[in-house]
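Working notes for the structure below.
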Amino acid sequence: MPVPYLLKGGLVVDPQAETVERLDLLIEGSRVAAMAAGLSAPEAEVVEVAGCYILPGLIDLHCHLREPGEELKETIATGTRAAVRGGFTGVVAMGNTKPPADNRTVIEFVKRRAEAGSVPVYPVGCATKERKGEELAEIGDLFEAGAVALSDDGSSIMNSEVLRRVLEYSRMFDLVVISHCEDRELSAGGLMNEGFNSTVYGLRGIPAAAEEVQVARDLILAEMTGARLHIAHVSTAGSVRLIRDAKQRGVRVTAEVTPHHLCLTDDAVRSYDTNTKVNPPLRSRQDVAALIAGLLDGAIDAIATDHAPHTQEDKEVEFDLAPFGISGLETAVPLIWEHLVETGILTPVQVAQKMALNPARIIGLPGRLVRVGAEASLTVIDPRQKRPVQAEQFASLGRNTPFDGWELRGWPVLTMVGGVVHRQLVDRVTDTL
């Protein structure tokens, strides 16, 4: 049994009631045993968290753990350690592994390896065999094995008839289909956002239409089939508009945005730093403004990292040869806090909604709330702690981040997973308060 903990003086965030209240929390076993001001528990280990926000445990809705097949980039063990360091109490693992998670065996392998991980891993099964977009995977088998969603993430299903059938079959199991919206004919050979900057930097562009054409098609098919559709890593103003309009028509669609698409624009590519090379690419200032507006009005439901770790050797090549992706698990919370909370754009309640409550709902997990009797999975954020990003100290094997050296506020200082506190985080919080 985990030792009892008494978290004293924290600001408890309730994303459902939309309240923030100063309370003490008593954790016994894997559950929240009591919540009140002025609690005492002589047998418990006291952790002073005055001035910190206590959120329901964050869930990363979009993560690449690379195992099986690319363990030099990341493993389930290192990726889940990075997750807990980043304040996440669970991660949704995409299925574009090698071999891909298009069968029961790979899903079961991921679940077995995750048993020894630092946080729960929720595997995503591939929608089509080998992610080729040609033939449906055995969706029933994937569901029975424990897949929480279907996706060919990293590749778009270009064949509309195939996607229609995926959506129809997904309804039988109430599985959400996570769509990577990219028209590969329009994006072929592209390296960054198509626009003024791509012309100046001499890099082939990826037009916004490459995303928006697929978003429009997927929304039409979701409306036709009545299936649940989730749009991954939304990056353009046009996509936000299409999703907002579809929601108003009653289409069963949700959407996510990444921290890097909220905090960077295509101006960042000026340095030719391959860590700014992501897919979809960093977009314009107008697109970023539309993404933020979508977060605020509910068009975008969640913030997800799209954690995509690569080795140093992968990224230390010419820009056109480097793979797409940012290692995002350990910087997501302070990036959102520094750029959206400290600036007054989002409140702590909205952060809890976008990073805990809504992600859990999308993949069918129980409500992510801090309640007596609820599972004690919590994320404690210190809004006063300001320090630089230090990529060389990442728990992730992927150090590929454009944020190395950035001074950020709002770091996770304690992550509790089912009543278990990871000791290094307790040390950090007691050292800084």
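Pairs meeting the criteria (first residue in the stretch 151-173 and over 15 Å from Arg217 (Cβ atoms) and at pLDDT 95 or above, second residue part of a helix (DSSP H, G or I) and polar (S, T, N, Q), beta carbons under 9 Å, at least 6 apart or on different chains) are Glu168/Thr225; Ser170/Thr225; Arg171/Thr225. Looking only at the stretch 222-241, residues that are surrounded by 23 or more Cβ atoms within 10 Å (Cβ to Cβ) and over 12 Å from Ser179 (Cα atoms) come to 5 in all.
The single residue among Arg361, Arg368, Arg285 that is more than 25 Å from Leu229 (Cα to Cα) and among the charged types (D, E, K, R) turns out to be Arg285. Taking Ser30 as the residue in question, decide whether it is surrounded by fewer than 18 Cβ atoms within 10 Å (Cβ to Cβ), out of contact with any Asp or Glu (no Cβ under 8 Å at 6 or more places or on another chain) and either free of Cβ contacts under 8 Å to residues at least 24 places away in the same chain or not β-branched (Val, Ile, Thr) (or both). Spelling it out, it is not the case that Ser30 is surrounded by fewer than 18 Cβ atoms within 10 Å (Cβ to Cβ), out of contact with any Asp or Glu (no Cβ under 8 Å at 6 or more places or on another chain) and either free of Cβ contacts under 8 Å to residues at least 24 places away in the same chain or not β-branched (Val, Ile, Thr) (or both).
Residue by residue, here is whether (1) farther than 21 Å from Pro383 by Cβ; (2) within 20 Å of the chain's Cα centre (by Cα); (3) modelled with pLDDT of 95 or more holds:
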{"site": "Leu6", "(1), (2), (3)": "yes, no, yes"}
{"site": "Asp24", "(1), (2), (3)": "no, no, yes"}
{"site": "Glu28", "(1), (2), (3)": "yes, no, yes"}
{"site": "Pro42", "(1), (2), (3)": "yes, no, no"}
{"site": "Leu61", "(1), (2), (3)": "yes, yes, yes"}
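Taking the criterion of being in contact with a strand residue (DSSP E or B) (Cβ under 7 Å, 6 or more places away or on another chain), closer than 22 Å to Lys354 by Cα and crowded, with 24+ Cβ neighbours inside 10 Å, would at least one residue in the stretch 204-213 satisfy it?
As a first pass, look at the stretch 204-213 and keep what is in contact with a strand residue (DSSP E or B) (Cβ under 7 Å, 6 or more places away or on another chain): 205-206.
Retained after the next criterion (residues that are closer than 22 Å to Lys354 by Cα): none.
Within the stretch 204-213, not a single residue is in contact with a strand residue (DSSP E or B) (Cβ under 7 Å, 6 or more places away or on another chain), closer than 22 Å to Lys354 by Cα and crowded, with 24+ Cβ neighbours inside 10 Å.
If you go through the stretch 54-75 and keep only what is assigned to a strand (DSSP E or B) and in contact with an Asp or Glu (Cβ under 8 Å, 6 or more places away or on another chain), you end up with Leu61, His62, Cys63.
Yes/no matrix, rows are residues, columns are (1) crowded, with 22+ Cβ neighbours inside 10 Å; (2) among the polar types (S, T, N, Q); (3) farther than 23 Å from Leu175 by Cα:
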position	(1), (2), (3)
Met355	yes, no, no
Gly373	no, no, yes
Thr379	yes, yes, yes
Gly398	yes, no, yes
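Across the stretch 253-267, what is the number of residues that are in a helix (DSSP H, G or I) and either among the hydrophobic types (A, V, I, L, M, F, W, C) or at pLDDT below 95 (or both)? Reasoning before the result, please.
Going residue by residue through the stretch 253-267, those that are in a helix (DSSP H, G or I) are 259-263, 266-267.
Then keep just the ones that are either among the hydrophobic types (A, V, I, L, M, F, W, C) or at pLDDT below 95 (or both); that gives 262-263.
Count: 2.
This table checks each residue for (1) surrounded by fewer than 16 Cβ atoms within 10 Å (Cβ to Cβ); (2) within 18 Å of the chain's Cα centre (by Cα).
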| position | (1), (2) |
| --- | --- |
| Lys247 | no, no |
| Val251 | no, no |
| Glu256 | no, yes |
| Thr265 | no, no |
| Ala268 | no, no |
| Ser271 | yes, no |
| Pro281 | no, yes |
| Ser284 | no, no |
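Does Val47 satisfy the criteria of being outside the structural domain of Leu329 (by TED's automatic domain parsing), buried (at least 24 other Cβ atoms within 10 Å of the Cβ) and closer than 25 Å to Pro15 by Cα?
Details: outside the structural domain of Leu329 (by TED's automatic domain parsing): yes; buried (at least 24 other Cβ atoms within 10 Å of the Cβ): yes; closer than 25 Å to Pro15 by Cα: yes.
Spelling it out, Val47 is indeed outside the structural domain of Leu329 (by TED's automatic domain parsing), buried (at least 24 other Cβ atoms within 10 Å of the Cβ) and closer than 25 Å to Pro15 by Cα.
Looking at this structure, is Arg66 surrounded by fewer than 24 Cβ atoms within 10 Å (Cβ to Cβ), of a type in the set (Lys, Arg), within 30 Å of Val124 (Cα to Cα) and modelled with pLDDT of 95 or more? So that I can check it myself, show each step before the final result.
Details: surrounded by fewer than 24 Cβ atoms within 10 Å (Cβ to Cβ): no; of a type in the set (Lys, Arg): yes; within 30 Å of Val124 (Cα to Cα): yes; modelled with pLDDT of 95 or more: yes.
Considered against the rule, which asks whether it is surrounded by fewer than 24 Cβ atoms within 10 Å (Cβ to Cβ), of a type in the set (Lys, Arg), within 30 Å of Val124 (Cα to Cα) and modelled with pLDDT of 95 or more, Arg66 comes out as no.
Selection of first residues in the stretch 334-354 that are in contact (Cβ under 8 Å) with a residue 60 or more places away in the chain and of second residues that are of a type in the set (A, V, I, L, M, F, W, C) and part of a helix (DSSP H, G or I), restricted to Cβ pairs under 6 Å at least 6 apart or on distinct chains, gives the following pairs, ordered by first then second residue: Leu335/Cys263; His339/Cys263. Among residues of the stretch 132-154 being charged (D, E, K, R) and farther than 12 Å from Asn103 by Cβ, the one that is surrounded by the most Cβ atoms within 10 Å (Cβ to Cβ) is Asp152. Filtering Ala246, Ala299 for residues that are of a type in the set (Gly, Ala, Ser) and either in a helix (DSSP H, G or I) or without any contact (Cβ under 8 Å) to a residue 40 or more places away in the chain (or both) leaves a single hit, Ala246. Going by the conditions given, is Val200 in the same structural domain as Val240 (by TED's automatic domain parsing), β-branched (Val, Ile, Thr) and assigned to a helix (DSSP H, G or I)? Considered against the rule, which asks whether it is in the same structural domain as Val240 (by TED's automatic domain parsing), β-branched (Val, Ile, Thr) and assigned to a helix (DSSP H, G or I), Val200 comes out as yes. Residues in the stretch 302-317 that are touching a residue at least 12 places away in the same chain (Cβ under 8 Å) and more than 13 Å from the chain's Cα centre (by Cα) were compared, and the one that is surrounded by the most Cβ atoms within 10 Å (Cβ to Cβ) is Pro309.
Counting only residues that are among the hydroxyl-bearing types (Ser, Thr, Tyr), buried (at least 24 other Cβ atoms within 10 Å of the Cβ) and assigned to a helix (DSSP H, G or I), the stretch 76-121 holds 1 of them.
The values are calculated or read from the model by the stated rules, or taken from the named source; none is laboratory data. Just so it is clear, the structure is predicted and the values come from calculations on it, not from any experiment. Methodologically, a virtual Cβ is constructed for each residue, glycine included, from the backbone with ideal geometry; neighbour enumeration extends over all protein chains shown.
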